[in-house]
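The values are calculated or read from the model by the stated rules, or taken from the named source; none is laboratory data. Computed from a predicted model, the values in this text were never measured in an experiment. Using ideal geometry, Cβ is built from the backbone for each residue, glycine included, and neighbour counts are taken over all protein chains shown.
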Amino acid sequence: MLKKQYICKADVDDDDRTVTAVISTGSIDRDMEVLTPSGVNLDQYLKNPVVLWAHNHYDTPIAKALWIKKGNKRISAKMKFPDEGQSEKADEIYQLFKGGFLNAFSVGFNPTAWHSPTPDDIRKKPEWAEVRRVYDKWELLEFSAVAVPANADALVTAVKSKVLDLSEMTIEELGIENEEIFTVEEKGVEDELLETESENEVIIEPEKKIEMIKRVKMRKHIEVKKSVDTDEIALRVIKRIKGKMY
């Protein structure tokens with residue numbers, strides 16, 4: 001299965017929890033290839049019109065396609081997300097589109113016919129001069145919302161300010177580095193850690209480690225949940241302070 005990614009402007013209807021967007025175009029992509037919209041075969045996809053997150057076939061779909069339309073220049077789709085609370089991942093991705101933080105989709109497909117641009121093709125479309133391959137016919141297998149932030153800085157700010165409440169896994173999938181979210185500004189915590197630092201290692205008593213995590217939580221730089229390994233969190237704080245996570 002091949003994949004092609006497209007940046008779009010998603011139209012969100014919050015009343016119906018739907019997103020309408022262009023999921024593929026006939027433009028030249030970064031691989032110097034063209035996926036012809038009119039050449040798509042939707043028969044297989046329409047048997048199970050689900051929308052995935054980042055082509056993850058092993059996880060639950062985040063939405064279903066209400067309709068999908070092909071044209072000469074683009075393929076558009078309208079997708080409906082589950083009601084709030086039915087799927088944590090779907091809720092997260094929907095909020096990202098609603099807030100304008102995501103704006104990309106990717107199609108997974110099997111090519112069935114293709115060619116290299118001919119001189120006649122290039123005369124008609126000079127921009128194809130550098131194109132390696134044109135997929136004339138192809139079968140859509142699935143399409144996915146993908147982790148390409150519309151504005152990475154705005155996304156980081158929204159997560160840090162708790163405008164968006166995202167799981168740690170989704171934060172990592174979006175390419176936000178842990179140090180951008182997990183920061184320690186409380187000088188007292190840094191002093192306590194640095195005082196225990198030796199040349200080769202940092203040793204922190206369990207009681208002090210738990211207290212440190214509580215104080216970080218109070219500063220709202222990270223939400224410590226029951227499932228979080230406190231040892232791992234403490235180690236990440238220590239590594240950051242020691243300059244090992246930059």
**Asked** Just checking, which of Lys78, Lys70, Lys47, Lys89 is of a type in the set (D, E, K, R) and surrounded by fewer than 16 Cβ atoms within 10 Å (Cβ to Cβ)?
**Response** Lys47
**Request:** Go over the candidates Thr25, Thr60 one by one and state the one that is closer than 11 Å to Phe105 by Cβ and without any contact (Cβ under 8 Å) to a residue 60 or more places away in the chain.
**Result:** Thr25
**Asked** Among the residues of segment 30-44 satisfying the criterion of being surrounded by 14 or more Cβ atoms within 10 Å (Cβ to Cβ) and either among the hydrophobic types (A, V, I, L, M, F, W, C) or in contact with a Leu (Cβ under 8 Å, 6 or more places away or on another chain) (or both), which is farthest from Lys70 (Cα to Cα)?
**Response** Val34
**Prompt:** Can you name every residue in segment 97-132 that is among the hydrophobic types (A, V, I, L, M, F, W, C) and either within 30 Å of Ile62 (Cβ to Cβ) or within 33 Å of the chain's Cα centre (by Cα) (or both)?
**Reply:** Phe97, Phe101, Leu102, Ala104, Phe105, Val107, Phe109, Ala113, Trp114, Trp128, Ala129, Val131
**Among (1) surrounded by 16 or more Cβ atoms within 10 Å (Cβ to Cβ); (2) on the phi < 0 side of the Ramachandran plot - the single one Arg17 does not satisfy** = (2)
**Message:** Give all pairs with beta carbons closer than 8 Å in which a residue from segment 144-169 that is assigned by TED's automatic domain parsing to the domain that holds Ile62 and surrounded by 13 or more Cβ atoms within 10 Å (Cβ to Cβ) meets a residue that is part of a loop (DSSP other than H, G, I, E, B) and at pLDDT below 70; count only pairs at least 6 apart in sequence or on separate chains.
**Reply:** none
